[in-house]
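Asker: Pasting in a structure now, in structure tokens, and then I'll have a few things to ask.
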Amino acid sequence: MKYATQMEAAKNGFVTEEMKIVAKKENVSCEYLLEKMACGEIVIPKNKNHKSISPEGIGTGLRTKINVNLGISKDLNDIDMEMKKVDMALSMGAEAIMDLSNYGKTQEFRKKLIEKSTAMIGTVPMYDAVGFLDKGLSFIKAEEFLDVVRNHAENGVDFVTIHAGINRANAEIFMRNRRVNEIVSRGGSLLFGWMKMNDQENPFYEYYDELLDICREYDVTLSLGDSLRPGGIHDATDPSQIAELITLGELTKRAWEKDVQVIIEGPGHVPIGDIEMNIKLQKKLCHKAPFYVLGPLVTDVAPGYDHITSAIGGAIAAAYGADFLCYVTPAEHLRLPDVNDVREGIVACKIAAHAGDINKLKDARAWDLEMSKRRQKIDWEGMFEIALDKEKPREYRNSSMPEEENTCTMCGSMCSAKNMNLILEGKDIKIEC
């Protein structure tokens, strides 16, 4: 059949090639995908112009996916460096890359990225608006914001973050409920500023139907941005955040009416005790649409280690039903991450995603079980072969070799795995001091 979007195909019971690929990757049936995609619980972001992609599914009953942020800025405008980060992300199995470039030859980099990437590509067109239109923020006309979205869609972007939920009504709620960290979303703060300077409604909210027409034409998944997400745990789950979430739920239903796939973006900085509630609220208010969370970061006092604070929150969020985690690097809040920061962020986020999957997917523990078996056998190469990060454990092992191959330099002859294997085989053990 002819179909405009993956969602339209699913509503009509048509299995696309992308669905077949995802079903095989996830070990689920195509019938399951059709059911969940038709009602919006699963999306397959895949722009018609992104030819190199290896499709992935995001949503109910599927593995938790991770996203890697990168992109050029005015202070660090190095396309070659960003491409090294791309290579790192792809080699480590990141399912998505978001190009957050906001300066210079953004389209040149975006086209290179889309041509190369097997991962799905996301952007925030709002970041690109000033450079693309070559005018100051306050001088941009409402309709021109849509021109930027169309340009990104034509380039082949698979999903776009659009801050449509910060309308004038929700901006007023924010003004009545001021925060310690105010509006921390870059896109949200820019739109808030544009609305105030021009005394107009958010153009993405006012022209939402036209936005949906662009997304439908190219099958771009709409990632509804959380402009009013908390930027500190003290601001979490406040009236502004919840008001915007209600609006995003309404916008989700309007998108589905036009067969446009939707992801909902979420916080942010959230104390551990609020994470379960935030997931349940999103799933309820946004009709079980896939939930995409940044972290969440569970404490604000660890700059330089926010890949850890976010991994803690991400694991809990994934366990309760978050579908998509945005990585956070050690450089968060401090600088543009370098290649090593990207690596650390990816590993932390992948650990969080898998830890969450262990709680919600019945087959997720099989990987851990196999690692445990190889660990008991003291099969070093076997362990490295299936490790989440294959390089670091090899480096550690090679940097400190013991006298006996079947031990490590921490335990030596007291190695519990070695000694238990010997005892259970009816052999004696010898402990050397």
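Asker: Suppose each label sits 7 Å from its Cα in the direction of the beta carbon; what would the M197-C411 distance come out to in nanometres?
Answerer: For M197 paired with C411, the spin-label model returns 6.2 nm.
Asker: How much length would be gained if the chain were fully extended between E391 and E276, taking 0.36 nm per residue of separation minus their Cα-Cα distance, in nm to one decimal?
Answerer: Working it through step by step, the gained length comes to 38.0 nm.
Asker: Zone of E217 (label point 7 Å along Cα→Cβ, backbone N under 18 Å): which residues in the stretch 1-34?
Answerer: So the set is 3-6.
Asker: Still on this model: Using mean Cβ contacts within 10 Å as the protection proxy, how do 267-275, 178-186, 335-343 order, highest first?
Answerer: 267-275, 335-343, 178-186
Asker: Taking 0.36 nm per residue of sequence separation and subtracting the Cα-Cα distance, how much length would be gained by fully extending the chain between M83 and K258, in nm to one decimal?
Answerer: Here the answer is 59.5 nm.
Asker: Using +1 at the C-beta of Lys and Arg and -1 at the C-beta of Asp and Glu, which of N398, I378, M98 has the Cα lying farthest in the positive direction of the dipole of the chain?
Answerer: I378
Asker: Mind jotting down the distance between the C-alpha centroids of the stretch 287-311 and the stretch 163-236, whole Å?
Answerer: When both Cα centres are located, 20 Å separates them.
Asker: Accessible area per residue of the stretch 251-386 at 1.4 Å probe, in Å²?
Answerer: On a per-residue basis, 43 Å².
Asker: For R110, R168, give the ranking by accessible area with the largest first, probe 1.4 Å.
Answerer: R168, R110
Asker: Could you compute the FRET efficiency for V28 and E115, with r as their C-beta to C-beta distance and R0 at 22 Å, rounded to 0.05?
Answerer: After rounding to 0.05, the efficiency reads 0.15.
Asker: Using only the Cα atoms, work out Rg/Rh for the chain, with Rh taken as the Kirkwood radius, to two decimals.
Answerer: That ratio equals 1.02.
Asker: Rounded to two decimals, what is the ratio between the C-alpha radius of gyration of the stretch 157-281 and 2.2 N^0.38 Å?
Answerer: Against the compact-globule rule of thumb, the ratio is 1.04.
Asker: I would also like to ask the following. Please report, largest first and rounded to whole Å, the three semi-axes of the ellipsoid equivalent to the stretch 349-391, where each semi-axis is the square root of five times an eigenvalue of the C-alpha gyration tensor.
Answerer: That gives 20, 13, 6 Å for the three semi-axes.
Asker: Let me ask another. How big is the dipole moment of the chain about its Cα centre under a simple scheme where the beta carbon of each Lys and Arg is +1, that of each Asp and Glu is -1, and everything else is neutral? Debye, nearest 20, please.
Answerer: It comes to approximately 600 debye.
Asker: Cut-off 10 angstrom, C-alpha nodes, Gaussian network model of the chain. Which of K85, K135, K46 fluctuates the most?
Answerer: With Cα springs under 10 Å in the chain, the top fluctuation among K85, K135, K46 is at K135.
Asker: If R0 is 41 Å, what FRET efficiency do you get for W380 and L76 from their C-beta distance, rounded to 0.05?
Answerer: The pair W380/L76 has a calculated efficiency of 0.55.
The values are calculated or read from the model by the stated rules, or taken from the named source; none is laboratory data. All values reported here derive from a predicted model rather than from experimental measurement. A quick note on method: Cβ atoms are made from the backbone with ideal geometry, for glycine too, and the neighbour counts reach across all protein chains shown. Accessible surface is based on the protein model in full, side chains and every heavy atom, while ligands, DNA and RNA are left aside. Shrake-Rupley method; radii C 1.70, N 1.55, O 1.52, S 1.80 Å.
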